[in-house]
1. Of everything in segment B:124-144, what is surrounded by 21 or more Cβ atoms within 10 Å (Cβ to Cβ) and among the polar types (S, T, N, Q)? Give them in sequence order.
2. Any residue at all in segment A:154-167 that's out of contact with any helix residue (DSSP H, G or I) (no Cβ under 7 Å at 6 or more places or on another chain), of a type in the set (D, E, K, R) and surrounded by 22 or more Cβ atoms within 10 Å (Cβ to Cβ)?
3. Kindly check whether there is at least one residue in segment A:89-99 that is within 14 Å of chain B (Cβ to nearest Cβ), among the hydrophobic types (A, V, I, L, M, F, W, C) and buried (at least 16 other Cβ atoms within 10 Å of the Cβ).
4. Within the group A:Ile11, A:Ile77, A:Ile27, which residue is crowded, with 22+ Cβ neighbours inside 10 Å and within 14 Å of another protein chain (Cβ to nearest Cβ)?
5. For segment B:186-213: of the residues being in contact (Cβ under 8 Å) with a residue 40 or more places away in the chain and of a type in the set (Gly, Ala, Ser), which is farthest from the other protein chains (Cβ to nearest Cβ)?
6. Take segment B:45-82 and flag every residue that is in contact (Cβ under 8 Å) with a residue 12 or more places away in the chain and polar (S, T, N, Q).
7. Inspect segment A:85-104 for any residue being touching a Ser or Thr at 6+ places or on another chain (Cβ under 6 Å) and modelled with pLDDT of 95 or more and give the result as yes or no.
8. Here are A:Ser235, A:Ser208, A:Ser220, A:Ser174: which of them is surrounded by fewer than 17 Cβ atoms within 10 Å (Cβ to Cβ), of a type in the set (Ser, Thr, Tyr), outside the structural domain of A:Ala42 (by TED's automatic domain parsing) and closer than 24 Å to A:Ala47 by Cβ?
Amino acid sequence: MNAMLINGITIDDTFAEAFNMRGTRVIITAQNLKWAYHAANAMTGFATSVIGCGVEAGIERELIPDETPDGRAGVSILMFAMGSKVLMQQLETRMGQSILTCPTAAAFAGITSEDNINLGKHLRFFGDGYQTSKLIANKRYWRIPVMDGEFLCEETTGMVRAIGGGNFLILATSQPAALAAAEVAIDAMKKIPNVIMPFPGGVVRSGSKVGSRYKTMFASTNDAFCPTLKGVTHSELSADIESVMEIVIDGISFSDIAKAMQVGIQAICNLGAASGVKRISAGNYGGKLGPHHFKLHEIMAGNI
Amino acid sequence: MAALTFTLKKTLQFSIDCSALTPNYLANKSTSEIASLLILYGKNQIRVDEIFSVSGDDAQNIHFKNTSHQLDYLGANMSSGHMHIEGDAGAYLGFGLKQGTIHCHGNTLAFAACNMQNGLIRIDGNTGDFLGGASAGLRKGMGGGTVLVKGNAGDRVGDQMRRGLILIEGNAGDYCASRMIAGTIGVLGKVGSYTGFNMQRGTLLLAKTPRLNATMQNCGTHTLPFLSLMFKSFATLDTQFASISTQRVQRFVGDGACNGNGEILLISPDLMH
């Protein structure tokens, strides 16, 4: 194994294994940023992993009024699913329960593509016949009368091919050290466009492996990286590692994810080994399941 | 290349059907071929050069000079290019227009933008009845595109209009937005009686308080978010509507006589600038 050491932190010679997904972007605006966040947080809530949530979603960034179609403050949301069907279904459900319901919120397409999926196309029927459509600059919008006034929503948004499952692992000498490092990485990665880190606060502690000793389970805890099992399993952890945190990244393209990984890992390495972080690794399944391999050494050497 | 120019040579006794004199029809034709084309003058067919002197060769850019209100169907079914009419036009200006722009510097007769599907028509003067309407027998009028009128319009503006945008800086006559199916009409001046008669859907934007039938019901004053998008889209157009930026309007809905869901949005005058 080639050694790579940045500021005293070892970068494993391994890779993150990622999958093809379908993704979309939606722009949410509201009377002010506070209510745009209420809407966007509801819409991207319970969307950490496709395994149980159908989609992985997150807030990409804040938008200033000049950047939004209706000139109000807003945020952009990215949403990813394993297939187009699930993405469409989840988008409509979440729009209906989270954006339609949120005071003053409006939703617009955030990405253009040849493939369009429904944003407000079916929500309009909530209007019970009083809904009105307006074709403005070749884009169709729906105006749905609601109790706070009018809910405005673009008819469709674009759906693009995307990548999900980019990741890296933070191996540290204590749980607080691992989490503090993860927070620093997330803060840096949030500045990168076209990516989201879908787990709570961007960080996941329950990394999984494929398979289980129970017949009904397809995935189970990644025992090789569980610090409390160091003595009983074929562990990946050295004696000084007491906690591991993972950051998962979904993005529009390979280079977007690679950039986010590079920025996140660099932010941790800048803390130095004194922070308690000893190693950076990544999760993969031997390279056979996912078509995209994010090699940590190449990313950190700036070759991607 | 110089613009293909048709200059009217004599005073007309009858109307001329100009529907053959469009960019798509004249493309790749020589000046002599164009001059020898037959067009309808009253009930007779005559050669183009008996009425017009023809010059220029750029069929994507057609000019009509010394025109009169007896030139009907100018720019009919055009699907590309630009047409300038340096004077008045007759009836059915831009009939069935599919793409491209028509600029009439004078006035027009009735049925301008009839059956129009896309593109842009600008009329600097006044226009007649049934602007953006449907041709005889059709149940759907204008289906898309933009019409800008600097002067006044006649009765029945947007009759059975299906989609698209009509912006009138002057006044409009009676039955404005009658039987309107969808789309947007804006009038900065006054409108006549029976506004929104049998209106189904669509938006009529007004700047002056109209006299409305009892079947157009007042729904109060509101701040409508879509107006910011709509007025932003007007900003690129050469019209006084481009300077409107309010989202505050009084909303009337009707025509209740036909269970219509059309709307009249009244911008309060102090919000205009």
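1. Selection gives B:Thr127 alone.
2. Here is the first cut: in segment A:154-167, the residues out of contact with any helix residue (DSSP H, G or I) (no Cβ under 7 Å at 6 or more places or on another chain) are A:154-158, A:160-162, A:164-165, A:167.
Restricting the remaining residues to those that are of a type in the set (D, E, K, R) gives A:154-155, A:161.
If we keep only those that are surrounded by 22 or more Cβ atoms within 10 Å (Cβ to Cβ) as well, we get A:154.
Yes, that holds for at least one residue.
3. Looking only at segment A:89-99, we keep the residues that are within 14 Å of chain B (Cβ to nearest Cβ), and these are A:99.
Next, from what is left, pick out any that are among the hydrophobic types (A, V, I, L, M, F, W, C): A:99.
Imposing the further condition that a residue be buried (at least 16 other Cβ atoms within 10 Å of the Cβ) reduces the set to A:99.
Yes, segment A:89-99 contains at least one residue that is within 14 Å of chain B (Cβ to nearest Cβ), among the hydrophobic types (A, V, I, L, M, F, W, C) and buried (at least 16 other Cβ atoms within 10 Å of the Cβ).
4. Working: A:Ile11 fails: within 14 Å of another protein chain (Cβ to nearest Cβ); A:Ile77 fails: within 14 Å of another protein chain (Cβ to nearest Cβ).
From the options A:Ile11, A:Ile77, A:Ile27, the qualifying one is A:Ile27.
5. Pass one, segment B:186-213, residues in contact (Cβ under 8 Å) with a residue 40 or more places away in the chain: B:186, B:188, B:195-210, B:212-213.
Okay, now just the ones that are also of a type in the set (Gly, Ala, Ser), so B:186, B:196, B:202, B:207.
Details: B:Gly186: 13, B:Gly196: 15, B:Gly202: 9, B:Ala207: 19 Å.
This residue is B:Ala207.
6. Residues satisfying the conditions are B:Ser53, B:Ser55, B:Gln60, B:Asn61, B:Asn66, B:Thr67, B:Ser68, B:Gln70, B:Asn77, B:Ser79, B:Ser80.
7. Looking only at segment A:85-104, we keep the residues that are touching a Ser or Thr at 6+ places or on another chain (Cβ under 6 Å), and these are none.
So far as segment A:85-104 goes, no, none of its residues is touching a Ser or Thr at 6+ places or on another chain (Cβ under 6 Å) and modelled with pLDDT of 95 or more.
8. Details: A:Ser235 fails: closer than 24 Å to A:Ala47 by Cβ; A:Ser208 fails: surrounded by fewer than 17 Cβ atoms within 10 Å (Cβ to Cβ); A:Ser174 fails: closer than 24 Å to A:Ala47 by Cβ.
So the residue among A:Ser235, A:Ser208, A:Ser220, A:Ser174 that is surrounded by fewer than 17 Cβ atoms within 10 Å (Cβ to Cβ), of a type in the set (Ser, Thr, Tyr), outside the structural domain of A:Ala42 (by TED's automatic domain parsing) and closer than 24 Å to A:Ala47 by Cβ is A:Ser220.
The values are calculated or read from the model by the stated rules, or taken from the named source; none is laboratory data. What you are looking at is a predicted structure, and each value in this text was computed from that prediction instead of being measured. Virtual Cβ from ideal backbone geometry, glycine too; neighbours counted across all protein chains shown.
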